[in-house]
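S.K.: I am attaching a structure below and will ask some questions about it afterwards.
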Amino acid sequence: LRVRELDRHADLLPKAFAEAARSMHPGSARGTAAERAQTATLGALAEEVGRLYTDRHFPPDSKARVARIVADVVAAFRQRVEQVTWMSAASRTVALAKLDRLEFGVGYPDRYPGGPALAIDREDAVGNFERLAARAYARAISRLGQPVDRKEWWIAPQTVGAVLLFQQNAYNFPAALLQAPKFDPAASDAANYGAIGAIVGHEVSHFVDTLGADYDAIGARRTWWTAADRAGYDAATAPLVEQFSGYRPFPDLGVDGRKTLSENLADLGGLAAAFDAYRRSIGDRASDPELVRRLDRQFFIGFARAWRSKIRPEAVRKQVASDDTHAPESYRVATVRNLDAWYTAFDVQPGDRLYLAPEQRVKVW
């Protein structure tokens with residue numbers, strides 16, 4: 001017990017303890033003292049650092065703007081689910097209920113957790129560690145016997161990432177992800193619907209696709225898809241599987257359209273719902289065809305910019321060979337080939353590299 005306790009606090013004790021602990025864990029990468037200090041601070045004071053980060057980099061008007069886009073995209077996706085013919089009526093009811101109850105957190109929590117006041121002493125690293133542990137314990141105990149907080153966050157605002165929470169029927173979208181090119185406060189609404197709106201739609205899709213099919217509207221583990229739903233889904237998505245299986249970044253290696261289907265479908269459904277939401281957002285301005293074409297272009301360019309990447313050929317080969325979930329970004333951005341509006345916006349014609357005949361354009365949601 002003494003050894004375990006010393007090992008647990010090793011980085012907070014004099015250098016000899018830290019070095020001894022490192023020798024007990026061969027291969028562990030602890031980094032420099034400064035790196036360890038930063039990691040420890042971000043882990044222990046994620047909430048406090050998050051407040052500082054969002055105060056500086058994600059003002060309330062950005063949060064409100066993204067929240068509006070989220071609400072519009074969820075509503076647009078809901079309308080698409082209402083029109084799906086391959087899903088049974090009973091399953092569609094569950095899907096719509098999930099979307100109606102979806103908690104999509106934007107930027108940072110609306111309410112941070114409470115608990116005892118935290119005292120930080122510059123001269124007492126071990127004491128700080130113990131007081132942080134005590135606060136976490138007190139917060140955990142206070143939740144016993146209470147209703148599940150479906151708005152609870154599980155990722156810090158300053159983290160570049162996101163968390164999908166099927167058990168809460170919720171999603172956390174941290175502020176650090178909501179920066180250009182994913183969300184650009186200086187860009188037009190059309191561009192942001194194409195960028196962050198399509199990403200929102202992608203994640204919403206997962207709540208009602210094969211990933212979310214095992215969790216109902218209250219987050220309970222229950223398979224609500226039927227065998228007929230699955231058969232209908234397989235038939236509806238077969239053209240998308242074929243489309244992506246046709247992408248060959250190398251003569252001897254191609255994308256596996258079956259293994260990457262879930263993400264490819266979420267890209268497609270998310271982009272389509274985001275486009276619906278953007279078009280509805282322009283209201284009466286849709287009567288001006290030249291304006292609409294200009295805004296449509298901004299939408300699709302925003303989508304393309306959000307997927308910008310730079311990757312070496314050998315890394316692409318490794319990804320295609322080993323990633324059973326995601327196709328390379330250059331093929332995911334080509335999802336636009338399935339939307340009629342993209343052809344009109346950029347005057348894409350037969351013979352152009354990404355052209356698909358109308359009957360080959362895939363629509364699932």
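S.K.: Ordered by packing density, taken as the mean number of other Cβ atoms within 10 Å over each peptide's residues, highest first, how do 210-219, 185-194 rank?
M.R.: Working: 210-219: 17.5, 185-194: 21.4.
Descending packing order for the listed peptides: 185-194, 210-219.
S.K.: Can you tell me which of 220-227, 119-126 comes out highest on packing, and rank the rest after it, using the mean Cβ neighbours within 10 Å?
M.R.: Those peptides, ordered most packed to least, come out 220-227, 119-126.
S.K.: Would you mind telling me the antiparallel percentage of the DSSP bridges in the chain, rounded to 5?
M.R.: Details: 5 of 10 bridges.
Counting only bridges with both partners in the chain, antiparallel ones make up about 50 percent.
S.K.: Another question, then. Report, to one decimal in Å, the Kirkwood hydrodynamic radius for the chain based on all distinct Cα pairs. Please report the intermediate quantities before stating the final value.
M.R.: Working: mean 1/r = 0.0431 Å⁻¹.
Computed over the chain, the radius equals 23.2 Å.
S.K.: Continuing with the same structure: Ignoring ligands, DNA and RNA, what percent of the 1.4 Å accessible area of the stretch 77-218 is carbon and sulfur? It would help to have the intermediate numbers written out before the result.
M.R.: Values: 3660 of 6630 Å².
Reported share for carbon and sulfur atoms: 55 percent.
S.K.: List the equivalent ellipsoid semi-axes of the stretch 125-275 in whole Å, largest first, each obtained as the square root of 5λ for an eigenvalue λ of the Cα gyration tensor.
M.R.: Working: eigenvalues 246, 105, 52 Å².
So the three semi-axes of the stretch 125-275 are 35, 23, 16 Å.
S.K.: Could you name the lysines whose alpha carbon sits less than 16 Å from that of K318, not counting residues in the same chain fewer than 8 places away?
M.R.: Answer for K318, where 16 Å is the Cα cut-off: K259, K310, listed by chain and number.
S.K.: Rounded to the nearest 10 degrees, what's the angle between the helix 15-24 long axis and the longest principal axis of the chain, both from Cα atoms, 0 to 90?
M.R.: In the chain, helix 15-24 runs at an angle near 60 degrees to the longest axis.
S.K.: Which of the lysines could a cross-linker span from K63 if the Cα-Cα distance has to be under 27 Å and same-chain partners fewer than 8 positions apart are dropped?
M.R.: Leaving aside lysines fewer than 8 places away in the same chain, those within reach of K63 are K98, K151, K182.
S.K.: Hey, can you rank 153-160, 340-347, 171-178 by average C-beta count inside 10 Å, highest first? Let's see the in-between values first.
M.R.: On the way: 153-160: 18.5, 340-347: 15.6, 171-178: 23.8.
Ranking, from highest mean packing down: 171-178, 153-160, 340-347.
S.K.: Determine the per residue accessible area of the stretch 1-160 with all protein chains present and a 1.4 angstrom probe, expressed in square angstrom. Walk me through the numbers on the way to the answer.
M.R.: Details: 10220 Å² over 160 residues.
Averaged over the residues of the stretch 1-160, the accessible area is 64 Å².
S.K.: In the stretch 252-347, what percent of the accessible surface is made up of carbon and sulfur (1.4 Å probe, ligands and nucleic acids excluded)? It would help to have the intermediate numbers written out before the result.
M.R.: On the way: 2330 of 4810 Å².
Its accessible area is 49 percent carbon and sulfur atoms.
S.K.: Taking every pair of alpha-carbon atoms in the stretch 242-365, give the share separated by more than 24 Å as a whole percent.
M.R.: On the way: 2477 of 7626 pairs.
Distances greater than 24 Å cover 32 percent of the Cα pairs.
S.K.: Pop out the ³J(HN,Hα) list for the stretch 106-114 in order, Karplus 6.51 cos²θ - 1.76 cosθ + 1.60 with θ = phi - 60°, rounded to Hz; leave Gly and Pro as x.
M.R.: With coefficients 6.51, -1.76 and 1.60, one gets 10, x, 6, x, 5, 9, 7, x, x Hz.
The values are calculated or read from the model by the stated rules, or taken from the named source; none is laboratory data. None of the values given here were measured: they were computed from a predicted structure. Neighbour counts run over all protein chains shown; Cβ positions are idealised from the backbone, glycine included. To get the accessible areas, we keep the full protein, side chains included, count just its heavy atoms, and leave off ligands, DNA and RNA. Shrake-Rupley method; radii C 1.70, N 1.55, O 1.52, S 1.80 Å.
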